[in-house]
1. One quarter of the convex hull surface, Cα atoms only: what value does that give for the stretch A:2-79 in nm²?
2. Between A:K116 and A:I258, what is the spin-label point distance in nm, taking each point 7 Å from the Cα along the Cα→C-beta axis?
3. If I take every Cα pair under 8 Å that is 6 or more residues apart in chain B, average their sequence separation and divide by the length, what percent do I get for the relative contact order?
4. Tell me which DSSP H helices of chain A clear both cut-offs, 30 Å or more of axial length from alpha-carbon atoms and a mean Kyte-Doolittle hydropathy of at least 0.0.
5. Can you tell me the dipole magnitude for the protein assembly as shown around its Cα centre, using point charges on the Cβ only (Lys, Arg +1; Asp, Glu -1), in Debye to the nearest 20?
6. So if we plug the beta-carbon distance of B:D4 and B:V59 into 1/(1 + (r/R0)^6) with R0 = 25 Å, what FRET efficiency do we get, rounded to 0.05?
7. Taking 0.36 nm per residue of separation and subtracting the Cα-Cα distance, what length does fully extending A:L105 through A:D208 add?
8. Using 1/(1 + (r/R0)^6) with R0 = 35 angstrom and r between the beta carbons of B:L102 and A:R73, what's the FRET efficiency to the nearest 0.05?
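Just so it is clear, none of the values below were taken in a lab; they were calculated from the coordinates. Owing to the predicted nature of the structure, the values given are computational and were not obtained by experimental measurement. Every residue, glycine as well, gets a Cβ built from its backbone with ideal geometry; the counts of neighbours run over all protein chains shown.
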Amino acid sequence: MEQHAELEAQVDRWRGYVQRRRAISTADVEELEDHLRGQVADLQATGLDDEESFLIAIKRLGNLDAVSREFAREHSERLWKQLALVPDGPDDTGSPSWRELAVVLGLAVGAGLAVKAGAAWITDENALARNVGVLVVPFVAAYFAWKRRLTVPVAAALVAALAAVAVVVNVYPFARGGSTEVLTVVHTPVVLWLLLGLAYVGGRWRSDRGRMDFARFTGELAIYLTLLALGGGVLIGLTFAVLAALGVDLEPVMEDWILPFAVPGALVVAAWLVEAKKNVVENIAPVLTRVFTPLTIVMLLAVLVVLLSSGGLADVDRDLLILMDAILVLVLCLLLYSISARDPLAPPGVFDALQLVLVVAALAVDAVMLTAMLTRIAELGSSPNRVAALGLNVLLLVHLVGSAWLTARFLRRQAGFATLERWQTRYLPVYAAWAAVVVVAFPPVFGFV
Amino acid sequence: MRIDKDLVAASATPLVLGILSDGEQYGYAILKRVGELSGGRMQWTDGMLYPLLHRLERVGYVSSSWSTSEAGRRRKHYALTPAGREALTDRQEQWTVVADALRQVWQQAQRPAGLVEGWA
């Protein structure tokens, strides 16, 4: 009996090993296992023991790489896993996919209607800009609330928070076109994104894994949105051209109906697509980070050289500072996505070293930026914009220093990769908290200018 | 005696179709039958049988169904389809021609060398 347990363990290990081959499906593994066991039983009948039988049976089954290649040749579609959005049978969660599709389409139309209604009621363009996020994000959040079956307290907290954001952006007496209004328009989406994250992780906001999943979701969502926008652009362009040739101008319909429905709808649909294909295709965001990390290092170094050689930092253009902030955010995204896709158990490699170079280069740029900003503030006094930019830069600096320190420790094998990963996921909410401060506290502090 | 890889590959399809013409079978039983028929001299890499069966299923020569074996495991059975039977007849004819030609060549090769020269 003891011996047979060992055989079972060996078969289990073999099965796990074969299952990792993408070209070999679960049913194929079952078929091969049936074969293997048949062979083992026959060999045992000739008087061999369990281990000998297993070894011979495995050997006869052939080199797994070669067999897997043969399966791949026959089933190439498996390597390029199919995205079956509406499977034939009900899925594991028990809710039929048609219902999910209906919910998604309903929410997409709802988001469009909300934007359309907002545009009709809110005549002031700036006020509409403040409200756009509040009009759209709840529909994406509602999808996840439905999908994750949020508990009533969590859902209530979410609704209350969304309502609070809506109240703040509408009740504050902003000076028309003032900087605090612009800051609010820019920072509200970040706060809303945090709330969406709360719905995404199903209320388990402390979970590091949940946060990392939400970060992955965000990256994939951006890519899906881009693809949908490209496809939609081609479609609209063709329609435009055809109708123009027939003497019909699509422009008014486009502005009044197509865009208000297409853009928010695309966001909801993209969220659903990312959710549906999560386990189907390899994530693309981490693949892109591999390509762009070395290129970004080159870019950062070039920027740094130009920045330092251009002399006086105090008269650095304001737009340049904003652009540099964008670059630093990009660097952090690269860092986050390569971390999100890395096997935490793999030993440090060349790419990790490259990542450290990236972070250090970004740190150098950030240090230059901070100096420039502090000089500006010292010379010209503080303004909402300058303080907001300074705050963001300090946050970025802390994030980068922490990442550099932990990556270096990881490279010298003094700390595990998990520490680095945890640092990222723990730090992310800080950005949203800062955005909330900018939205809620800045306007009253700076007198709504 | 080791049989050349290409020859094994070329004969695999007609062999499998022929074995299935006696009735439906599962993978391991097909391989055992190949062993018996060749007196154990035709050794396949066992794992390669399955991609072959799946290809035959895709082109419609065989159909498959799952059942439960006596040991309680799920087992996939393959059966010849009418299209497969046609393909088998076709292959049989091809192989008969090849085998016939080969037999004549072997017989020639056994004749005295002079006769062969006379041909040239």
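1. 4.9 nm²
2. Modelled inter-label distance: 1.6 nm.
3. Normalised by residue count, the contact order of chain B is 25 percent.
4. Helices meeting the span and hydropathy rule in chain A are A:97-121, A:125-147, A:179-200, A:208-245, A:285-309, A:318-341, A:350-380, A:384-411, A:417-440.
5. 960 debye
6. 0.50
7. 34.0 nm
8. 0.75
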